[in-house]
Amino acid sequence: MKSYMRLRYILLLLISVLILGYVAFQWSKAEPGAKKIIVGVKALDEIEFWRVLIEGVNTASREFGVDVSVVGPTQEIEVDLQIQLLEEAIKQKPDAIVMAAGDYNRLVPVAESIRKADIPLIMIDSAVNGDYAQSLIATDNVNAGQKAGKELSSLLPADAKVAIVSFVQGTSTQIEREQGVRSILESRSGTEIVGTYYSEGKEERAYEITKKLLLERPDLNGIVGLNEPSTVGAGRAIRELGLGGKVKLVGFDSSVKEVKLLEEGVLQATIVQKPFNIGYLGIKTAVSIIEGDKVSRNVYTDSVVINKDNMYTEENQKLLFPFVEE
């Protein structure tokens, strides 16, 4: 009887050990809670640049197994709404915030609040005035502006009149691109920049501004459009007035409308960025910071000059027609 009881006790003890071992094994296999990252963009889907950038964000979120929410207004000009959305994001206490600032100065209090809440901040595309972000991933916009300036400069007559059609005044991207363009054109002998005009990131506004400008300044030789809507709107005005090829146009970004303008000879060149890479690297960098890894303070993605002569190369076709999940 005693032997039977001892055997039963040993069996119960073994079963208990096996159960505890199984639980410990399952616990070790369990996925930790997915880290939450909130991405604040300047516009959700107003222009193709943001659609492609968000695709990069989504691809990285799947690859790194993080829970990502993308917030933003519908239009880049809605800076107040972007501020409200990011203030709400801070209240959710995510593990990191990735932000593209809609205004260089007005988003500073939001950046301060993010850091005071001890939330890692990664800036993408557009920075704020101050040293708040642990990392910035963006196009080198001064360099990209210089590329646009050089491209237009090569097409102009000796004494040229040039206009800049910009987008939302006060964003770091707008400031830096214009700085790059001006650094080239202002050093060009005999060239006059007649002014900078703001489209507020709207194609129709850019069209109206440029048409009025072209009618008032028949001596205008060239225009630089600093983003996609500004370029397309300027191109529409040039085409409508029958000035394609006479008034040279160099723009930024890529879209179906810009490709058509290139093919028609209305747009001579466009500076294409890599928004997918910016979005992807924004999430990758956020994950690295969450895991305690060191990251680079500045990561600049490349920009490429595309014109009618090189637009059909395989590499440039990928830039002009990036995959966007519908």
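The single residue among S113, S199 that is more than 26 Å from A286 (Cα to Cα) and over 16 Å from the mean Cα position of the chain (by Cα) turns out to be S199. With a requirement of 1 or more residues that are of a type in the set (D, E) and within 17 Å of V247 (Cβ to Cβ), the strands (runs of 3 or more DSSP E) lying completely within the stretch 134-218 that satisfy it span 192-198.
Of all the listed residues (K308, K257, K274), the sole one being over 23 Å from the mean Cα position of the chain (by Cα), within 30 Å of I209 (Cα to Cα) and charged (D, E, K, R) is K308.
Out of all the residues in the stretch 261-308, which are in a helix (DSSP H, G or I), open to solvent by 40 Å² or more (accessible area, probe 1.4 Å), over 21 Å from T173 (Cα atoms) and out of contact with any strand residue (DSSP E or B) (no Cβ under 8 Å at 6 or more places or on another chain)?
Initially, the stretch 261-308 is screened for residues in a helix (DSSP H, G or I), giving 261-264, 275-290.
With the extra rule that they be open to solvent by 40 Å² or more (accessible area, probe 1.4 Å), the set shrinks to 263-264, 276-277, 280-281, 284, 290.
Filter once more, so that each one left must be over 21 Å from T173 (Cα atoms): 263-264, 284, 290.
Passing the criteria: E263, K284.
What residue, among those in the stretch 142-170 that are touching an Asp or Glu at 6+ places or on another chain (Cβ under 6 Å) and modelled with pLDDT under 95, is farthest from I306 (Cα to Cα)? The qualifying residue farthest from I306 (Cα to Cα) is G170. When residues in the stretch 48-75 are screened for being among the hydrophobic types (A, V, I, L, M, F, W, C) and either at pLDDT below 95 or part of a helix (DSSP H, G or I) (or both), 8 of them pass. Look at (1) more than 19 Å from D140 (Cα to Cα); (2) aromatic (F, W, Y); (3) open to solvent by less than 60 Å² (accessible area, probe 1.4 Å) and you find that Y197 fails only one, number (3). When the stretch 171-192 is filtered for residues that are open to solvent by 20 Å² or more (accessible area, probe 1.4 Å) and either under 18 Å from F252 (Cα atoms) or in contact with a Pro (Cβ under 6 Å, 6 or more places away or on another chain) (or both), the ones remaining, listed by number, are I175, E176, E178, Q179, R182, S183, I184.
Pairs meeting the criteria (first residue in the stretch 180-193 and closer than 14 Å to S154 by Cα, second residue assigned to a loop (DSSP other than H, G, I, E, B), beta carbons under 6 Å, at least 6 apart or on different chains) are L185/T191; G190/A158; G190/D159; T191/A160.
Among the residues making up the stretch 116-131, those that are more than 14 Å from Y300 (Cα to Cα) and crowded, with 19+ Cβ neighbours inside 10 Å are P120, L121, V128. The set of residues in the stretch 241-260 that are open to solvent by 10 Å² or more (accessible area, probe 1.4 Å) and assigned to a strand (DSSP E or B) comprises G244, K248. Within the stretch 237-254, the set of residues being aliphatic (A, V, I, L, M) and under 26 Å from the mean Cα position of the chain (by Cα) comprises L249, V250.
Against the condition buried (at least 23 other Cβ atoms within 10 Å of the Cβ) and assigned to a strand (DSSP E or B), how does V110 come out, does it pass?
On the way: buried (at least 23 other Cβ atoms within 10 Å of the Cβ): yes; assigned to a strand (DSSP E or B): no.
Judged against the criteria, V110 is not a match.
Would the stretch 82-98 turn up any residue that is open to solvent by less than 10 Å² (accessible area, probe 1.4 Å), modelled with pLDDT of 95 or more, within 23 Å of E228 (Cβ to Cβ) and in a helix (DSSP H, G or I)? Yes - at least one qualifying residue is present in the stretch 82-98.
The values are calculated or read from the model by the stated rules, or taken from the named source; none is laboratory data. The structure presented is a predicted model; accordingly, all values stated were derived computationally and were not measured. Because the Cβ atoms are built from the backbone with ideal geometry, glycine has one as well, and the counts that use them run over all protein chains shown. Surface accessibility is based on the protein's heavy atoms, side chains included, excluding ligands, DNA and RNA. Shrake-Rupley method; radii C 1.70, N 1.55, O 1.52, S 1.80 Å.
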